[in-house]
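Please read the structure below before turning to the comments.
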Amino acid sequence: MPYTWETLKTECLACRNCELCETRHNVVFGVGKTDAKVMFIGEGPGENEDLQGEPFVGRGGQLLDKYLAHIDLSRDENIYIANIVKCRPPKNRDPREEEQAACTPWLREQVKLLRPKIIVCLGRIAAQYIIRPDFRVTKEHGVFYERNGTLLMGTYHPAALLRNPAQKPDTLSDFCALREKITELGL
Ligand code: SF4
């Protein structure tokens with residue numbers, strides 16, 4: 001039986017397929033419009049996300065929302081946001097390979113249901129998992145790659161921008177390039 005958004009979310013919220021289930025407060029399934037043409041994917045929930053059950057809600061999330069608003073996108077209206085792993089890695093460490101492997105079937109089903117035209121990877125971990133294992137954000141941010149009819153692009157993770165504001169202008173230009181692409185494709 002193929003998943004619906006409801007059945008997928010219900011199963012995912014009960015998932016115990018890797019050890020991250022032991023330390024999570026909430027499974028962070030994803031949020032946004034389920035008919036969005038643009039999907040954003042990050043690496044995993046942080047502390048605030050774990051506590052609230054929603055992706056990108058801390059200071060990094062607020063920064064992301066500003067960039068989104070700048071190009072007329074918002075999680076309430078026209079995008080969907082999810083993470084590679086749905087439970088918070090302790091102390092915000094990088095998700096381990098086996099955790100990513102255990103969790104990505106949920107993401108794959110989300111992508112299958114959404115069928116986005118553009119996927120934006122937020123940060124190195126997401127870009128290396130989704131675009132290419134040797135993807136380098138500093139060199140390839142803002143570049144669109146086509147795969148099976150979907151455009152993939154990587155940019156900086158908002159939490160990285162809080163640590164290193166010098167990357168903000170590049171990120172803004174990536175978001176402007178995204179807006180141009182959305183307009184060009186008539187999405
Ligand atoms: S991180 Fe993913 S695979 Fe691991 S328990 Fe959470 S939902 Fe399941």
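Just so it is clear, none of the values below were taken in a lab; they were calculated from the coordinates. Since this is a predicted model, take the numbers as computed values, not measurements. Positions of Cβ are generated from backbone atoms using ideal geometry, with glycine treated the same way; all protein chains shown enter the neighbour counts.
Tabulated values for the structure
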quantity: Scaled radius of gyration (Cα, divided by 2.2 N^0.38 Å) that the chain gives; calculated: 0.96
quantity: Viscosity 1.306 mPa s, 10 °C: Kirkwood-radius Stokes-Einstein D of the range 78-183 over Cα pairs, µm²/s; calculated: 109 µm²/s
quantity: For residue 40, distant residues with modelled amide H under 5 Å away; calculated: 80, 81, 82, 120
quantity: Relative contact order computed over the chain (Cα-Cα under 8 Å; 6+ residues apart), in percent; calculated: 23 percent
quantity: Dipole magnitude of the range 5-185 about its Cα centre (Cβ charges: Lys, Arg +1; Asp, Glu -1), debye to nearest 20; calculated: 220 debye
quantity: Quarter of Cα convex hull surface for the range 67-137, i.e. mean projection, nm²; calculated: 5.8 nm²
quantity: Debye, to nearest 20: dipole size of the range 34-105, +1 on Lys, Arg Cβ, -1 on Asp, Glu Cβ; calculated: 160 debye
quantity: Per DSSP, loop chymotrypsin sites (Phe, Trp or Tyr not before Pro) in the range 1-40 with at most 12 further Cβ within 10 Å; calculated: none
quantity: Options 142, 182, 51, ranked by Cα towards positive dipole end of the chain, top entry (Cβ charges); calculated: 142
quantity: FRET E, pair residue 97, residue 187, Förster distance 35 Å, beta-carbon r, rounded to 0.05; calculated: 0.60
quantity: Separation of alpha-carbon centers, the range 89-167 and the range 8-49, rounded to whole Å; calculated: 14 Å
quantity: Computed over the range 1-84: relative contact order in percent, which uses C-alpha pairs under 8 Å that are six or more apart; calculated: 38 percent
quantity: Counting DSSP beta bridges with both ends in the chain, the antiparallel % (nearest 5); calculated: 30 percent
quantity: Furthest towards positive pole of dipole, 133, 116, 103, structure part the range 51-153, Cβ charges; calculated: 133
quantity: Per-residue Cβ neighbour rank within 10 angstrom, fewest leading, 38, 57; calculated: 57, 38
quantity: Loop GluC sites (Glu not before Pro), the range 39-103 (other Cβ atoms within 10 Å of the site Cβ: 15 or fewer; DSSP); calculated: 77
quantity: Residue range of the chain that is longest and free of trypsin sites (Lys or Arg not before Pro) which are both DSSP loop and sparsely packed (at most 13 other C-beta within 10 Å); calculated: 17-92
quantity: Helix-only mean residue ellipticity at 222 nm for the chain, each DSSP H run of n ≥ 4 adding -39500 (n - 2.57), per residue, nearest 500; calculated: -12500 deg cm²/dmol
